[in-house]
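Note sheet for the following structure.
No lab work stands behind these numbers, since they all come straight from the coordinates. Keep in mind that this is a model prediction, so the values were computed, not measured. Because the Cβ atoms are built from the backbone with ideal geometry, glycine has one as well, and the counts that use them run over all protein chains shown.
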Amino acid sequence: MIEPQAPAPPGAPPSWTGPARLPVRPGTGRFLVLVCVFVCAACGLVYELELVAFASYLIGDSVTQASVVLSVMVFAMGIGSLAAKRLRWHAAAGFGAVESALALVGGCSAMALYAVFAWTAGWGGMWADGPCCLLVAFSLAIGLLIGAEVPLLMELIQRIRRQDAGGAVADLFAADYVGALVGGLAFPFLLLPFLGQLTGALLTGTVNVVAGGALVLGLFRRDLTRRARWTLLLTGLVVLGVLASAAALAGDFERAARRAVYGSGVRVAVQTGVQEVVLAGGTHGRPLDLFLDGRLRVGGRDARRYHEALVGPALTGPHTRVLILGGGDGLAAREVLRRRGVRRVDVVELDPGLVDLARHDPGLSAANGHAFADRRVRVTTADALGWLRRARGPAYDVVVADLPDPGITASTKLYSQEFYGLARRVLAPDGRLVVHAGPVTTRPRAFWTVAATLRTAGFAVSPYRVLGHGTGFAPGPDRSTGTSRAPHDWGFLLAAPGTVPPPLRMPAGHPATLTRTALAADARAAERTRVRGVRASTLVHPRY
């Protein structure tokens, strides 16, 4: 069916209403438009994934942030499609302008978000408001521009050769969806590991503006006035100049932003494929700070206190064979190896890059006492949940869950009833499981949810909490340090199969601050924060 030609606005040039005057055959022209649809769709999905990745990394709650980004962006795409109706009589010029704006906004979005994160995180609660608003603003702007693309491309492809609406939509969406697939795969497998988030976004913007400009100024140049051609050309060149300048400065920008976030003592900053690992200090008498995905995981003198409190109470019983889930920094293994009678320590860590640093970095290997060089230690690279599903037991006297906080979305499965059921299966009948359950004072509900989950999995639980020295070391979802919102206590749960809670005490030789009397006081302090009525967390119904 041939669609009737819509009437042109008064005074419109004939070239806007009739077939496009192309420098190539119509079949070649349609192919080039579909290629542009493919490229633009790939770039659009990369922008979306960049925002989701930055949101989950910088803000922390990946499910919430991904939902916000995607829902706002899809909503904005609908608004952008409606707004593009006003540009249909200027489809070529409108599409060129949209692509230039999208390349500039999308390409610079990652750098802008990182800048706000780096230089405003310490301003009270500004990080909770400013960057979240900026994230929504970028999602809205990018969504509006992506939504405007399809109607304009539909108009352009119809002006090459009119066809029924169903066929035109099928061709356009086929190219669009295949491009989205390529962009979705290119982001995690090519752009992120080889270029990083900043340069990857800038390169995507460059491809975007080149593809749009080539289509408009090459294929549809006869539909444009001389003034429009020069305006679009100069605009595209300015956008390319901005993106190229930003790419040239990306290295210096990232180093400056990293100093603003982590301090001036950064020695190592690597993207391992699992997470970003940053080491600061640890040499020349400076305390070691280890950041994983922006969170302070090891901090100054609090690191030893944390790991002593984590490991010590669990090792007062049998401890010939010990399993550490997580603990790729080697600090929990160091504490275990200090106890007599330990014959084997199995470490299950997801990130081999972190283990490699723990083996070879002078600061981190000194902090962990070269634990991974001990012949009793065996390291397996695996997801803790998947490894437990394949493990056969009972095999271990002690299981140490040295894992990220349950408040981090990606870690909720490691604090589920199913996870603890699998951990119980590998424990000896008189074995013990110790779990770091996040800060007690600032997140009591999450802490007591972990306790309820352990009880549902068949464990009796002894809760306790240990105060830090005030350096702000918090292996939870909070990212700040010092006098900010970071908690200054850690909550632990010592668990044993059955109905009798295991006694809390420390092995002989520990500092006086971690005596049995101090632990009893810590247990009472944790008990005062109890939240009643919490339910167990499962894989299909996480409650953190």
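One table, with the values for the structure above:
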{"quantity": "Net charge contributed by nearby residues that have their C-beta within less than 13 Å of THR235 (K/R +1, D/E -1)", "calculated": "+1"}
{"quantity": "For the range 128-257, average projected area of the Cα convex hull in nm²", "calculated": "10.4 nm²"}
{"quantity": "Per-residue ³J(HN,Hα) for the range 26-31, Karplus 6.51 cos²θ - 1.76 cosθ + 1.60, θ = phi - 60°, Hz, x for Gly and Pro", "calculated": "x, x, 5, x, 4, 4"}
{"quantity": "ARG161-VAL531 pseudo-label distance in nm [points 7 Å out on the Cα-to-Cβ vector]", "calculated": "6.3 nm"}
{"quantity": "Tail beyond 24 Å, pair distance distribution of the range 238-342 (Cα, percent)", "calculated": "43 percent"}
{"quantity": "Rounded to 5, percent antiparallel among DSSP beta bridges of the chain", "calculated": "55 percent"}
{"quantity": "For the range 363-428, projected area of the alpha-carbon convex hull averaged over all directions, nm²", "calculated": "5.6 nm²"}
{"quantity": "Cα-derived Rg over Rh, computed across the chain with Rh taken as Kirkwood radius", "calculated": "1.09"}
{"quantity": "Given charges at beta-carbon only (K, R positive; D, E negative), |dipole| of the chain in Debye", "calculated": "920 debye"}
{"quantity": "Directionally averaged projected area (convex hull, Cα atoms, the range 77-124), nm²", "calculated": "4.6 nm²"}
{"quantity": "Under 5 Å, built H, 5+ apart or other chain: amide partners of ARG344", "calculated": "VAL322"}
{"quantity": "Contact order normalised by residue count of the chain, Cα under 8 Å, 6+ apart, percent", "calculated": "13 percent"}
{"quantity": "Compactness of the range 293-389 - radius of gyration and Dmax, Cα, Å", "calculated": "12.8, 37"}
{"quantity": "Kirkwood estimate for the range 274-333, i.e. one over the average of 1/r between Cα atoms, Å", "calculated": "13.0 Å"}
{"quantity": "Percentage of interatomic Cα-Cα distances in the range 22-123 larger than 15 Å", "calculated": "73 percent"}
